[in-house]
Amino acid sequence: MAPALFMTVRFGYEEQVRFCTDAPAAMLWAQVLKRCMITFPDQPALEKFDLKETGGGAALGLADMGLEYASERVKSRGVYDLVGFTEEGEEYAMCQEKPLPPEPEEPEEPPAEGEDGQAGQAPSEEY
């Protein structure tokens, strides 16, 4: 039985997509970049991108493989995270948890009875 020739790439806010690895690495990398590139609000300037096996490990170097078939380096059914690198070589995760929505502001309490600036007056009972 032939191995499954696909990988999963995690990117963005907990998104993921599968790619067939039975293709030249350059073609696969172009599809990954086209489908998975997003910009985060706090993202620094990134010079280079790559894939890294989820849970750690070294970067694959998929962009540098050229016409070599990606399936020769990528694990069958592997799960990889998209990562970016700054000019200084610092890694930046391109797959992040969804940010929590901002907590709603509590509405101001209405003034208590008799505290509405009309001191000493009884509430009106008009109908």
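The values are calculated or read from the model by the stated rules, or taken from the named source; none is laboratory data. Keep in mind the model is a prediction, meaning the values are calculated, not measured. Neighbour counts run over all protein chains shown; Cβ positions are idealised from the backbone, glycine included. Accessible surface is based on the protein model in full, side chains and every heavy atom, while ligands, DNA and RNA are left aside. Shrake-Rupley method; radii C 1.70, N 1.55, O 1.52, S 1.80 Å.
Table for the structure above
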item: Binned Cα-Cα distances of the range 51-91, short to long, each 10 Å bin given as a whole percent; result: 25, 55, 19, 1
item: 15 Å beta-carbon shell around residue 42, net charge (K/R +1, D/E -1); result: -2
item: Extension gain (nm, one decimal) between residue 34 and residue 91, 0.36 nm per residue minus Cα-Cα; result: 18.5 nm
item: Where the range 29-82 is the region considered: accessible area per residue in Å², 1.4 Å probe; result: 59
item: Residues of type lysines that residue 48 reaches as a straight line, Cα spacing below 19 Å, ignoring anything fewer than 8 places off in the same chain; result: 34
item: Reachable lysines from residue 75, criterion Cα separation under 18 angstrom, eight or more residues apart if same chain; result: 52
item: With every protein chain in place, the range 1-108: carbon and sulfur % of accessible area (1.4 Å); result: 51
item: Two-site FRET efficiency, residue 5 against residue 46, from Cβ-Cβ distance with R₀ of 41 Å, rounded to 0.05; result: 0.90
item: Cα-based equivalent ellipsoid of the range 1-108: semi-axis lengths in Å, sorted from largest, via gyration tensor; result: 30, 17, 11
